[in-house]
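Novice: Mind having a look at this structure? Questions to follow.
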Amino acid sequence: MRDYQHPNIVHMHSSHLVGNELWVVMEYMEAGSLTDIVTHVRMTEPQIATVCFQVLRALEYLHARRVIHRCASSNYS
């Protein structure tokens, strides 16, 4: 992910293999993750539309480079 620079994609600084775990050092996002924001804040319809639009712009950027994004959270199947 370090090679993909886009305003709507969190910057990856580095990755490290610690034991049998992969640790990824990412850009600090003061407001927290998007999941935290949308589950704890009541958003207006224009705010939801803006978030959706910006997420789609990031996905379009990745897909144009033949990168498939997946959710790494265990909360999704």
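The values are calculated or read from the model by the stated rules, or taken from the named source; none is laboratory data. Since the model is a prediction, treat every value here as computed from it, not as a measurement. With ideal geometry, Cβ positions are generated from the backbone for all residues, glycine too; neighbour counts draw on all protein chains shown. What goes into the accessible areas is simple: the full protein's heavy atoms, side chains included, and nothing from ligands, DNA or RNA. Shrake-Rupley method; radii C 1.70, N 1.55, O 1.52, S 1.80 Å.
Novice: How far, in degrees from 0 to 90, does helix 45-64 lean away from the longest principal axis of the Cα atoms of the chain, to the nearest 10?
Specialist: Roughly 40 degrees between the two axes.
Novice: Hey, another quick one. Using each residue's phi in segment 29-40, evaluate 6.51 cos²θ - 1.76 cosθ + 1.60 at θ = phi - 60° and report the 3J(HN,Hα) Karplus result to the nearest Hz, with x for Gly and Pro.
Specialist: Per residue, the Karplus-derived 3J(HN,Hα) values read 10, 4, 7, x, 6, 4, 4, 4, 5, 6, 8, 10 Hz.
Novice: Just to check I understand the Karplus step: with θ = phi - 60° and J = 6.51 cos²θ - 1.76 cosθ + 1.60, what whole-Hz values come out for segment 14-23, glycine and proline as x?
Specialist: Using θ = phi - 60°, the values come out as 6, 9, 9, 8, 10, x, 9, 10, 9, 9 Hz.
Novice: Okay, next question. Sum -39500 (n - 2.57) across every DSSP H segment of at least 4 residues in the chain, then divide by the residue count to get the 222 nm mean residue ellipticity, nearest 500.
Specialist: -11000 deg cm²/dmol
Novice: Under the rule of at least 5 residues apart or a separate chain, name every residue whose amide H is placed under 5 Å from the amide H of residue 11.
Specialist: Under 5 Å from the amide H of residue 11 lie the amide H atoms of 27, each far enough along the sequence or on another chain.
Novice: Now a separate question. Of the chymotrypsin sites (Phe, Trp or Tyr not before Pro) in segment 1-74, which ones lie in a loop per DSSP and count no more than 16 other C-beta atoms within 10 Å?
Specialist: Passing sites in segment 1-74 are 4, 28.
Novice: Please give the contour-minus-distance gain from residue 14 to residue 34: 0.36 nm per residue of separation, less the Cα-Cα distance, rounded to one decimal in nm.
Specialist: Values: separation 20, 0.36 × 20 = 7.20 nm, distance 2.11 nm.
Extending this stretch completely gives an extra 5.1 nm.
Novice: Would you mind calculating the relative contact order of the chain from Cα pairs under 8 angstrom and at least 6 residues apart, reporting the percent as a whole number?
Specialist: Numbers: 42 pairs, mean separation 18.2, N = 77.
For the chain, the relative contact order is 24 percent.
Novice: Carbon-plus-sulfur fraction of the accessible area of the chain, 1.4 Å probe, in percent?
Specialist: For the chain, the apolar C and S fraction of the accessible surface comes to 56 percent.
Novice: How far is it, in nm, from the label point at residue 24 to the one at residue 67 when both lie 7 Å from their Cα along the line to the Cβ?
Specialist: If labels sit at residue 24 and residue 67, their model points lie 0.9 nm apart.
Novice: Whenever you get a sec, line up 45, 21 from highest to lowest accessible area (probe 1.4 Å, protein heavy atoms).
Specialist: Descending order: 45, 21.
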